[in-house]
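Q: If you scroll down you'll find the structure; I have some questions about it.
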């Protein structure tokens with residue numbers, strides 16, 4: 001193999017192993033064996049496990065970020081639900097690696113690792129703003145979106161610890177959570193009220209936001 005081809009192969013092998021066990025538990029010897037090469041040859045392409053971990057993390061971060069890209073078609077509730085399904089596809093496929101990434105793995109303290117994690121969060125944030133057709137978000141909207149992204153991350157981590165709640169239920173719940181956070185903020189701010197009205201005006205009767213409203217009306221009655 002050429003140098004770049006071999007590097008990409010090793011990254012792929014590492015990602016596959018990291019998706020099944022925490023990166024802390026995967027040795028260079030295992031990566032070498034899975035790639036069909038010797039341990040010294042791994043070090044020929046990567047100075048150490050940390051550099052290989054960061055390269056694998058970069059590819060995983062790019063994959064995860066792509067899950068937030070959604071066409072600007074149809075009601076917002078349906079768009080968010082499709083994003084959540086793709087996000088949990090990633091979490092489901094890369095559970096131990098995702099957990100290590102968010103909780104801290106062998107690259108704890110690495111500025112490169114932290115930057116990659118932050119870049120995924122920023123892409124998610126920018127995507128939501130674009131779907132809301134907002135370029136300069138007011139403070140309350142900024143807080144709603146960033147709080148929701150943190151909630152999505154923490155919910156995924158909790159779910160991975162036993163998977164005791166059906167995945168589809170969590171995906172819908174997180175879409176409901178976005179609407180709920182926006183609604184609470186709208187109760188205190190006219191600008192958020194107008195934004196929420198804009199979000200809801202195209203929501204169909206069978207949409208996730210309408211479903212939440214119906215459930216809340218039943219609870220309040």
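Q: Could you please find all residues in segment 88-98 being in contact with a helix residue (DSSP H, G or I) (Cβ under 9 Å, 6 or more places away or on another chain) and surrounded by fewer than 18 Cβ atoms within 10 Å (Cβ to Cβ)?
A: Result: 92, single match.
Q: Does residue 85 satisfy the condition of being within 30 Å of residue 197 (Cβ to Cβ), in contact with a helix residue (DSSP H, G or I) (Cβ under 7 Å, 6 or more places away or on another chain), in contact (Cβ under 8 Å) with a residue 40 or more places away in the chain and in a helix (DSSP H, G or I)?
A: In short, yes.
Yes/no matrix, rows are residues, columns are (1) in contact (Cβ under 8 Å) with a residue 60 or more places away in the chain; (2) touching a helix residue (DSSP H, G or I) at 6+ places or on another chain (Cβ under 7 Å); (3) within 30 Å of residue 20 (Cα to Cα):
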| position | (1), (2), (3) |
| --- | --- |
| 152 | yes, yes, yes |
| 158 | no, no, yes |
| 170 | yes, yes, yes |
| 176 | no, yes, no |
| 186 | no, yes, no |
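Q: For segment 31-64, what are the residues that are surrounded by 19 or more Cβ atoms within 10 Å (Cβ to Cβ), modelled with pLDDT of 90 or more and under 30 Å from residue 174 (Cα atoms)?
A: Scanning segment 31-64 gives a single hit, 64.
The values are calculated or read from the model by the stated rules, or taken from the named source; none is laboratory data. Being a predicted model, the structure only gives us computed values, none of them experimental. Glycine gets a Cβ as well: all are built from the backbone with ideal geometry, and neighbour counts include every protein chain shown.
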